[in-house]
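The values are calculated or read from the model by the stated rules, or taken from the named source; none is laboratory data. This one's a predicted model, so the numbers in the text were calculated from it and none came from an experiment. Don't worry about glycine lacking a Cβ; one is built from the backbone with ideal geometry, like all the others, and counts go over all protein chains shown. These accessible areas exclude ligands, DNA and RNA; they are computed on the full protein's heavy atoms, side chains included. Shrake-Rupley method; radii C 1.70, N 1.55, O 1.52, S 1.80 Å.
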Amino acid sequence: MNKPVSKVREAKLELYRKKGKIHAREVRGRFNTIRWAMVWFTQIIFYGACWLQWGGRQAVHFDIVHEKFYLFGLVLWPQDALLAAIALILAATGLFLVTALAGRLFCGFACPQTVYTAIFMWVEAKVEGDHLSRLKLDQSPPSLRKLALRGTKYVLWGLIAAWTAITFVGYFTPIRELLPAVAGWNLGPWEAFWLIFYGLFTYVQAGFAREAVCQHMCPYSRFQGVMFDNTTRTVSYDVQRGEPRKGKGGGDCIDCGICVQVCPTGIDIRDGLQYQCINCGLCVDACDEVMTKVAKPVGLIRFASEQELAGMPRHSARPRLAVYAGLLGLFVALGAWTVTQRSLLLVDVLRDRGSLAREASDGRIENAYTLKLANLAEEPRDFEVAVSGLPGIELLGPTRFAGEPGSIREVRVTVVAPPDAGKSGASPIAFVVKAAGDPATRVTEKSTFVLP
């Protein structure tokens, strides 16, 4: 009686491992609940943030045309590229910290590929049925029913992909302007390109590529192992407790194969740590459910480190985690300091090299300059300009200039100095620009003054 049952199990596992598209079995449990909670959390932010308003404009807006990034009350310019670099470093360091602590949690719970694959697979299950129904439909010959089910599924996938693309582009072209443009087919070339590209990308990646991305395309899966050590907790099978299988000789694993059937990437966690494993924990939920049914302790498959599985005590000291956490704290502090210290006034001074120093009617020496005053604030401000560095040096003409909100103004100024103010040739001077009524907004920019 055991041989036919064993052959059936082996056939099922072989089917799930290598036969065409993976149709993962649905499972319920705490990790599945967390996984769907992350789907809701990430998609509420993604689909909802572009609709938020702040001060009469879209709260989160990449305004490429005007070279600005609006993040609620914060407005970032290309000159704030350091903040973008810090944000990327923070994301990478946080990912390394989480990976060293508990494996590929990001992949299993927050990666866009995982999130959208889960959404598309949910639609597939609602339209075509459970995993066995989908397998049967795959193997069935073409029919009207199959065409109707597949067509319905593809249409729903297309609607989700299209709305995802519209939302993505809505962060660059304000969503309230984009929707009427889409409805009226009045799109610019770049908007049309990204709507088509991002929609197709989402459709193909989440609908068809699925686990192939994790298995073959994702570079992170190839090098994440270097961040593991024997104290990293990953989804693991307790070999000592589970073997030999089928309950013989004390082993708790009954070799039901459900852990393979629920795996989104189609691996067998009992074969040990594999780079395709995304640490989603669905096999843990499945195994716990089976262990409960056969009246055995849960945790045959669980998040555990090599030390725990070997029965060794856990070490509290983990230098790698301390390094990652220290770097994370350092860059958080650096980013906060950069934001608080960033100036809303930028000044660039260009000496007019097309005209030499000239002598004015009163005998003083004149030099011409072009000042670029960048008002990064979102309200108009006046700027006062002064010059220093040589005895008797001063500006000839107006010293106060208006700056429009979020704009760069070029002004031409003339600087004069007595002929005996310094040595012949170029002498260092400094332009001091400050916002009227706001002494804290002050910039000093160096230049040179040429004396004959």
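Miscellaneous remarks
- Computed E for ALA377/ALA192 - FRET, C-beta separation, R0 35 angstrom, nearest 0.05: 0.55
- Value of relative contact order over the chain, rounded to a whole percent, pairs C-alpha under 8 Å and six or more apart: 14 percent
- Considering all different alpha carbon pairs of region 160-211, the Kirkwood hydrodynamic radius works out to 11.2 Å.
- Solvent-accessible area, 1.4 Å probe, carbon plus sulfur percent, for the chain: 64 percent
- Phi-based couplings in Hz for region 121-131 (Karplus 6.51, -1.76, 1.60; Gly and Pro marked x): 5, 5, 4, 4, 5, 5, 7, 9, x, 6, 4
- Solvent-accessible area per residue for region 21-93 (1.4 angstrom probe, square angstrom): 59 Å²
- Between THR173 and any residue 5 or more places off or on another chain, the built amide H atoms are never under 5 Å apart.
- 1.4 Å probe accessible area per residue over region 327-452, in Å²: 54 Å²
- Compared with the alpha-carbon gap, the fully stretched path from LYS246 to ALA402 is longer by 47.9 nm at 0.36 nm per residue.
- Residue pairs, from the table LYS372/LYS423; LYS372/LYS446; LYS153/LYS293; LYS372/LYS434; LYS21/LYS296; LYS246/LYS296, whose Cα atoms sit over 23 Å apart: LYS372/LYS423; LYS153/LYS293; LYS21/LYS296
- The equivalent ellipsoid that matches the C-alpha gyration tensor of region 300-446 spans semi-axes of 57, 19, 12 angstrom, in descending order.
- Extension gain, LYS146 to LEU356, is 67.3 nm, computed as 0.36 nm per intervening residue step minus the present C-alpha separation.
- Charging the Cβ of each Asp and Glu at -1 and of each Lys and Arg at +1, and nothing else, the dipole of the chain about its Cα centre rounds to 2320 debye.
- Taking the inverse of the mean reciprocal distance over all distinct Cα pairs, the Kirkwood hydrodynamic radius of the chain comes to 27.6 Å.
- With coordinates expressed along the principal axes, the C-alpha atoms belonging to region 375-452 extend over 44, 22, 16 Å, beginning with the largest.
- Cα Rg, Dmax, region 186-339, angstrom units: 21.2, 72
- In the chain, helices alone account for a calculated mean residue ellipticity at 222 nm of -13500 deg cm²/dmol, with every DSSP H run of four or more residues adding -39,500 (n - 2.57).
- Backbone phi angles across region 228-244, fed through the Karplus curve with coefficients 6.51, -1.76 and 1.60 (θ = phi - 60°), yield HN-Hα couplings of 8, 9, 6, 10, 6, 8, 10, 5, 9, 9, 7, 5, 4, 7, x, 9, x Hz in residue order; Gly and Pro are listed as x.
- Our estimate of slack between ILE45 and VAL239, defined as 0.36 nm per intervening residue step minus the Cα-Cα distance, is 65.8 nm.
- Backbone phi angles across region 369-378, fed through the Karplus curve with coefficients 6.51, -1.76 and 1.60 (θ = phi - 60°), yield HN-Hα couplings of 9, 10, 9, 9, 9, 9, 8, 7, 6, 9 Hz in residue order; Gly and Pro are listed as x.
- Considering every alpha-carbon pair of region 236-324, the percent of pairs per 10 Å bin, from zero through the bin containing the longest distance, is 16, 45, 28, 10, 1.
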